[in-house]
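Visitor: For reference, the structure I am asking about is given below.
The values are calculated or read from the model by the stated rules, or taken from the named source; none is laboratory data. A quick note: this is a predicted structure, and the numbers were derived from the prediction, not measured. As a convention, Cβ positions derive from the backbone with ideal geometry for all residues, glycine included, and neighbour counts pool all protein chains shown.
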Amino acid sequence: MRFILGLIVLLAITGCNNDLNVIEDPKDIPIVYGFLSQSDSEQYIRVERAFVDATTSALVLANEVDSLYYDNSLIVEILDEETGEIYPLERVDGNVEGFPRDEGAFAREPNYLYKIATSDITINDAHEYTLQINRGEGFDLVTATTTIVGEARFIIPNPQSITAKLDFQTNMGTNFSWGSARNAVLYNLSVGINYVERMPGESFEDRYLEWPLAENLNDTKYRQEGRRFLTFLEENIPVVDDMERRFIGFDIIVEGGNNQLLDYIRVGQANLGITSTQDIPTYTNLSEGRGIFASRFTTRLDGVGITPGTLDSLVNSSITRDLNFTN
């Protein structure tokens, strides 16, 4: 959840096709995608470069590792503007780190990212941080500065209650609310659904679904009608004869994003629609190049229960009874 934002693709610089276009001389254009988050155990920044070449198609260059990535002399650092401390990042292969690149026009191996463990950097939501990218060879330093998003604290459900439950009965709904997170200006809300299932004579196996409730909220409260819970399960869990299922619990996930992220989303939505020019603007908060350096924070409340009425609806409703959930 998520703020699902793909890496900015600048293939459009060469027209996004295989035709040879006469354009300006080759340029070095850094492309950056990264967030700082106090809730993550590691911080990752993707640094690549765009493809501008007068003689070679962007689609060809996208598959050439030497064109896509800077060499190992690239220096990527994060500066704490309050303390002046500088934290260096290490180049790693995202495929090894558990972040394989999606299939597409870009080379998938290697998949270079820049990483620092959260335990090796002090991230304070009262400070600003600047990403610094030193390309050497007389190039200017590439920089981008961001505020840090703090933690959002749940109000409803009450995290202090050991009996917190969500009520999604067919004709009812449930409320969610949380306190404003420092520097957060938009929120995503989702609910994780935990259950187990088994065929006769077999052991139960864990299952998990994430149900996105709302994206890019500028409010700290939300209400979800109960019937949608049942239809979401109907749409996402297959009917299997003789399958036994049991509901385990909910996880509630709130993600907060800062102003840089909000600007990125707004620009991405600008000038679209039936009357638009179709010239999609490209957001960047880098001093040079294209991309985003921003902040987010994920707050979770795990192990939330289900009300008896909701469980009864899950088991007996005409919408979900063929899923074979039991009390």
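Visitor: Quick one: T145 ticks every box in (1) over 30 Å from R266 (Cβ atoms); (2) assigned by TED's automatic domain parsing to the domain that holds L74 except a single one, so which number is it?
Guide: Only one criterion is unmet by T145, namely (1).
Visitor: Residue check: is I8 assigned to a strand (DSSP E or B), surrounded by 12 or more Cβ atoms within 10 Å (Cβ to Cβ) and either in contact with an Asp or Glu (Cβ under 6 Å, 6 or more places away or on another chain) or modelled with pLDDT under 60 (or both)?
Guide: Here the answer is no, as I8 does not meet what is asked.
Visitor: Out of everything in segment 189-232 that is more than 23 Å from the chain's Cα centre (by Cα) and part of a loop (DSSP other than H, G, I, E, B), what residue ends up being surrounded by the fewest Cβ atoms within 10 Å (Cβ to Cβ)?
Guide: Result: G201.
Visitor: Does any residue of segment 81-88 turn out to be under 30 Å from E210 (Cβ atoms), in the same structural domain as I265 (by TED's automatic domain parsing) and modelled with pLDDT of 90 or more?
Guide: No, because not a single residue in segment 81-88 is under 30 Å from E210 (Cβ atoms), in the same structural domain as I265 (by TED's automatic domain parsing) and modelled with pLDDT of 90 or more.
Visitor: If only one of E255, E235 is at pLDDT 95 or above, in a helix (DSSP H, G or I) and not basic (K, R), which one is it?
Guide: Answer to the selection: E235.
Visitor: Output yes when any residue across segment 240-249 is in contact (Cβ under 8 Å) with a residue 60 or more places away in the chain, over 25 Å from L311 (Cβ atoms) and assigned to a strand (DSSP E or B), and no when none is.
Guide: Scanning segment 240-249 turns up no residue that is in contact (Cβ under 8 Å) with a residue 60 or more places away in the chain, over 25 Å from L311 (Cβ atoms) and assigned to a strand (DSSP E or B).
Visitor: Taking the criterion of being among the basic types (K, R) and part of a loop (DSSP other than H, G, I, E, B), would at least one residue in segment 181-188 satisfy it?
Guide: Checked against the condition, which is being among the basic types (K, R) and part of a loop (DSSP other than H, G, I, E, B), segment 181-188 yields at least one hit.
Visitor: Among the listed residues D120, D125, D140, which satisfies the condition of being more than 19 Å from the chain's Cα centre (by Cα) and surrounded by 14 or more Cβ atoms within 10 Å (Cβ to Cβ)?
Guide: Every option except D125 fails the conditions.
Visitor: What pairs come up if the first residue lies in segment 145-156 and is farther than 20 Å from Y222 by Cβ, the second is crowded, with 19+ Cβ neighbours inside 10 Å and of a type in the set (S, T, N, Q), and their beta carbons are under 6 Å apart, counting only those six or more places apart or on different chains?
Guide: Sorted first by the residue in segment 145-156, then by its partner, the pairs are T146/Q260; T146/S295; T147/N183; T147/N258; I148/S295.
Visitor: Sticking with this one: Return the only residue of T145, T174 being more than 19 Å from R296 (Cα to Cα), in contact with a strand residue (DSSP E or B) (Cβ under 9 Å, 6 or more places away or on another chain) and among the β-branched types (V, I, T).
Guide: None of the other options fit; the residue is T174.
Visitor: Additional query: Can you tell me which residue among I116, I133, I148 is within 18 Å of A50 (Cα to Cα) and modelled with pLDDT of 95 or more?
Guide: I133
Visitor: Residue check: is L272 buried (at least 20 other Cβ atoms within 10 Å of the Cβ) and at pLDDT below 95?
Guide: So L272 fails the test.
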